[in-house]
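Participant: Just passing along the structure, written as structure tokens.
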Amino acid sequence: MMPTPAEIAELRARLPRTFSPSPRERLRRLLLWGGALALTVYCLDRFGFFTWNFADGVLKFGSVVVSQLFPPTGFDQLPMFLRVMGETLAMAFLGTVLGAIVAFPLAFLASKNMMPFRPLQFGTRRFADLLRAFDYLIWALIFVRAIGLGPMAGIMAIAIVEVGTFIKLYSEAIENLDRKQMDGVRAAGGNRLQIIRYGVLPQVLPMMVSNTLYMFEHNTRSASILGIVGAGGIGFLLADRLRAYELQEACLIIIMVVMTVYAIDFLSKKLRERIIGEERREPVADDHPQFVASPGPKAR
Amino acid sequence: MSVSEAAARFERQYADYRRTKTVWTVLFWALFVACFAVSIVVTRFDVAAVVAGLPRTTDFIVKMIPPIGWSTFGADVGEWYWGIGKWLNSLLNTLLMAYLATVLGTTIGGALSFLAARNLVKSYAVYWITRRVLEIARTVPDIVWALLFVLAFGIGPLAGVLAITVHTLGAQGKLFAEVNENVSALPIEGIRAAGGNWLHEMRYGVLPQALPNYMSYTFWRIELNVRSATIVGFVGAGGIGHDLFTSIQLLYFADAGAILLIVVATIMAIDMLSERYRHRLIGKEQLSQ
């Protein structure tokens, strides 16, 4: 039965709150959205979106940059590009593995259920946060200065961020484990080592391997840009070609990077599905490691 | 089947299972060792060089904090942070860059996400093209976008804002499209039955269902973009990254330390605020269900 307009008007008069939020709530929303909009306009102005320079840049980006990117050239240098791409992957691999090796024992120190001495547990966690708080590029910049240009600096940069990430991810996996299996091994007469081997590792290892693979995937992306600050890998060539205005060669490099990233994503996803045994919802793969363990609302 | 037969069959199957498992494990480790060896050769990785480099790295980091005495605490810290005005201004620029890029990227990406959801557009071509555009925007790292935009727009925060915007719109477009694909079709059908057009369906059928997830993703994106905004300065795209880059390049250790401290404090503060807000948002969502 459809209510008549008169009935609706009568209901609206009697129960105003059902039809619209309270004036206070409306004011709050108005201020919030108005403030956000005003800040946006201010920022647009501050960064020069309303200047001729911006219009010029748009034209230049459209006509010069984009039209000069295509078609990609420099195929004669392809063997060299491929070699450097291989170096990039190797950097990502070594950085991830080194990070994982160092983080593995530390993760036990950082887990509440393994480390009864709270200050040490807390301290290890904060130490991990600190390592992770700096971006790969910042570490790369520091290592390039300390141990010189080249892939070693990149490997160290990746490894040190990964130590932080893996301590966090592994210790979360360890804290989530089921006590029953440990109790079972203990009840059957197992000693401490046996409890860890048969009660803990089988539960946490698949998670750890899966996380490590995921970070390797992520680090392929990082490794491909570390070269921009001189830390080895394809990023060096890319920045070099871009700065020399060799846009078509840069285009070829970008295409190579994108294809490699896709290939690694695909392989790693297949492997992870095999290891974990079910398809888990992943956050977008190009995001920062910090959020691997706490993806968006839907995964909760 | 007698018990012993069953036991024998079990033994056989278990042995088979063990064998396949062993083969897989051996294969996995062989692959791993091969990758490891190849990587070491390709990158000319040298443990001795790392060991030699570590003291220099720690030395570098130690030099980032100048000597601060108890009696002269205020003066020492004041001297360390001699450039505080300049740096805070850069920091403000960085934060505003992240804000603007998040707003622009989320708006554009959000609009595109409706075209990139299989259940909301009829034309497969539109869907396919939008998806590819989002993919390219997302897969090319933001620092590479920054290099490109610096070429066209010159050195400065404008290039950085545009670079982060492009990357953000790619990521948000994809995430939002996935949210859109998971909404219930019933409200949409209701609006269509009541005579609404495509825009009405999106506004009143899809948006109310998807908005909490959008908000949550956007706060998460702000955290990521503050990080990005601190590093695009390395290639000349504005923000505090520029000050950091020059101070490290010129070996002004104390300056680098001071800036890094500001950066880390900011990033941690933003993460904490955003996380708290996201939890509140999710809490509300669960309450209303």
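Participant: Compute the signed sum of charges (Lys and Arg +1, Asp and Glu -1) over the other residues within less than 12 Å, Cβ to Cβ, of residue B:118.
Facilitator: Computed value for this residue: 0.
Participant: To the nearest whole percent, what portion of all C-alpha pairs in the protein assembly as shown is separated by more than 31 angstrom?
Facilitator: In whole percent, the share of Cα-Cα pairs in the protein assembly as shown beyond 31 Å is 57.
Participant: For the range B:45-66 and the range B:227-283, what is the separation of their C-alpha centers, rounded to whole Å?
Facilitator: The two parts, judged by their Cα centres, are 23 Å apart.
Participant: Find which of B:230, B:71, B:185 sits farthest along the positive direction of the dipole of chain B, computed with +1 on the beta-carbon of Lys and Arg, -1 on that of Asp and Glu, about the Cα centre.
Facilitator: B:185
Participant: Here is a further query. Order these peptides, A:140-152, A:193-205, B:118-130, by their mean beta-carbon neighbour count within 10 angstrom, highest first.
Facilitator: Packing proxy ranking, top to bottom: A:140-152, A:193-205, B:118-130.
Participant: Taking beta carbons within 10 Å but only from partner chains, what does the mean come to for residues B:264-274?
Facilitator: 2
Participant: Let me check the size of chain A from its C-alpha atoms; what are the radius of gyration and Dmax in Å?
Facilitator: Final numbers for Rg and Dmax: 26.6, 80 Å.
Participant: What's the average, rounded to a whole number, of partner chain beta-carbon atoms within 10 Å of each residue's beta-carbon in B:92-101?
Facilitator: 3
Participant: For A:236, B:149, B:45, which order do you get if you count the other beta carbons within 10 Å of each Cβ and list the fewest first?
Facilitator: B:45, A:236, B:149
Participant: Using the membrane-span-like helix rule (whole DSSP H runs, Cα extent along the own axis of at least 30 Å, mean Kyte-Doolittle hydropathy at least -1.0), which helices of chain A qualify?
Facilitator: Long hydrophobic helices here: A:23-46, A:78-109, A:151-175, A:201-226, A:247-276.
Participant: With unit charges on the beta carbons (Lys and Arg positive, Asp and Glu negative) and the dipole taken about the Cα centre of the range A:78-279, which residue among A:103, A:226, A:263 sits farthest to the positive side?
Facilitator: It is A:103, whose Cα lies furthest towards the positive end.
Participant: Need one value for A:140-147: mean number of C-beta atoms belonging to other chains within 10 Å of its residues' C-beta atoms.
Facilitator: That works out to 6 on average.
Participant: Between residue A:58 and residue A:80, what is the FRET efficiency for a Förster distance of 30 Å, r being their Cβ-Cβ separation, to the nearest 0.05?
Facilitator: Calculated transfer efficiency: 0.30.
Participant: Note down the net charge around residue B:17, summing +1 for each Lys or Arg and -1 for each Asp or Glu among other residues with Cβ under 13 Å from its Cβ.
Facilitator: +3
Participant: Let me ask another. With a cut-off of 8 Å between alpha carbons and a minimum separation of six or more residues, what is the relative contact order of the range B:138-289 in percent?
Facilitator: Worked out over the range B:138-289, it gives 25 percent.
Participant: Near residue B:205, within a Cβ-to-Cβ distance under 11 Å, what is the net charge of the other residues, with Lys and Arg +1 and Asp and Glu -1?
Facilitator: Cβ neighbours under 11 Å give a net charge of 0.
Participant: Then there's this: For a quick check: with amide H placed at 1.01 Å from N, whose amide H comes under 5 Å from residue A:232's, ignoring anything fewer than 5 positions away on the same chain?
Facilitator: Residues meeting the criterion, in which the H sits 1.01 Å from N, are A:150.
Participant: Starting with the fewest neighbours, write out A:156, A:80 ranked by other beta-carbon atoms found within 10 Å of each beta-carbon.
Facilitator: A:80, A:156
Participant: Dipole magnitude of the protein assembly as shown about its Cα centre, charges +1 at Lys/Arg Cβ and -1 at Asp/Glu Cβ only, in debye to the nearest 20?
Facilitator: Charge dipole, the protein assembly as shown, about its Cα centre: 1420 debye, nearest 20.
Participant: Taking only Cα atoms of the range B:209-259, what ratio of Rg to Rh do you get with Rh as the Kirkwood inverse-distance radius?
Facilitator: A ratio of 1.26.
Participant: Give, rounded to the nearest 20 debye, the magnitude of the charge dipole that the range A:78-279 has about its Cα centre when Lys and Arg contribute +1 at Cβ and Asp and Glu contribute -1 at Cβ.
Facilitator: 680 debye
Participant: Another question, if that's okay. Please express the Cα-Cα pair-distance distribution P(r) of the range B:81-288 as a list of whole percents, one per 10 Å bin, running from 0 to the bin with the greatest distance.
Facilitator: All Cα pairs considered, the percentages come to 9, 29, 29, 19, 10, 3, 1.
Participant: For a quick check: sort A:109, A:238, A:120 by the number of other beta carbons within 10 angstrom, fewest at the front.
Facilitator: Ranked by crowding around the Cβ, least crowded first: A:120, A:109, A:238.
Participant: May I ask you to work out the translational diffusion coefficient for the range A:156-234 at 25 °C, viscosity 0.890 mPa s, via Stokes-Einstein with Rh from the Kirkwood sum over Cα pairs, reported in whole µm²/s?
Facilitator: 168 µm²/s
Participant: Next question, about the same structure. At 0.36 nm per residue, and after removing the present C-alpha to C-alpha distance, how many nm does the segment from residue A:104 to residue A:68 gain when stretched out fully?
Facilitator: So the chain would gain 8.2 nm between residue A:104 and residue A:68.
Participant: How long is the gain from residue A:262 to residue A:113 if the chain were fully straight, where each residue apart is worth 0.36 nm and the alpha carbon distance is subtracted?
Facilitator: 49.8 nm
Participant: Let me ask something else about it. About the Cα centre, and with charges only on the beta carbon of Lys, Arg (+1) and Asp, Glu (-1), how big is the dipole of chain B? Nearest 20 debye, please.
Facilitator: Here the size comes out at about 760 debye.
Participant: Let me ask you something else. How do B:5-18, B:158-171, B:211-224, B:188-201 rank on mean C-beta neighbours within 10 Å, highest first?
Facilitator: The packing order, highest mean first, is B:158-171, B:211-224, B:188-201, B:5-18.
Participant: Can you give the FRET efficiency for residue B:92 and residue A:37, using 1/(1 + (r/R0)^6), R0 = 22 Å, r = Cβ-Cβ distance, to the nearest 0.05?
Facilitator: Efficiency computed from Cβ-Cβ geometry: 0.70.
Participant: Holding the Cα-Cα limit at 25 Å, pick out from A:60/B:174; A:112/A:180; A:60/B:122; B:122/B:174 the pairs that are longer than that.
Facilitator: From A:60/B:174; A:112/A:180; A:60/B:122; B:122/B:174, over 25 Å: A:60/B:174; A:60/B:122.
Participant: When the Karplus curve 6.51 cos²θ - 1.76 cosθ + 1.60 is applied with θ = phi - 60°, which whole-Hz ³J(HN,Hα) does each residue of the range B:24-37 get, with x for Gly and Pro?
Facilitator: 4, 4, 4, 4, 4, 5, 4, 4, 4, 4, 4, 4, 4, 4
Participant: Under 17 Å Cα-Cα from residue B:86, which aspartates and glutamates qualify once same-chain neighbours fewer than 8 residues away are excluded?
Facilitator: Reachable aspartates and glutamates: B:243, B:255.
Any read-out appearing in this document is the output of simple, stated calculations on the displayed coordinates, not a laboratory observation. None of these values were measured; they are calculated from a predicted model. All Cβ positions, even for glycine, are placed from backbone atoms using ideal geometry, and neighbour counts span all protein chains on display.
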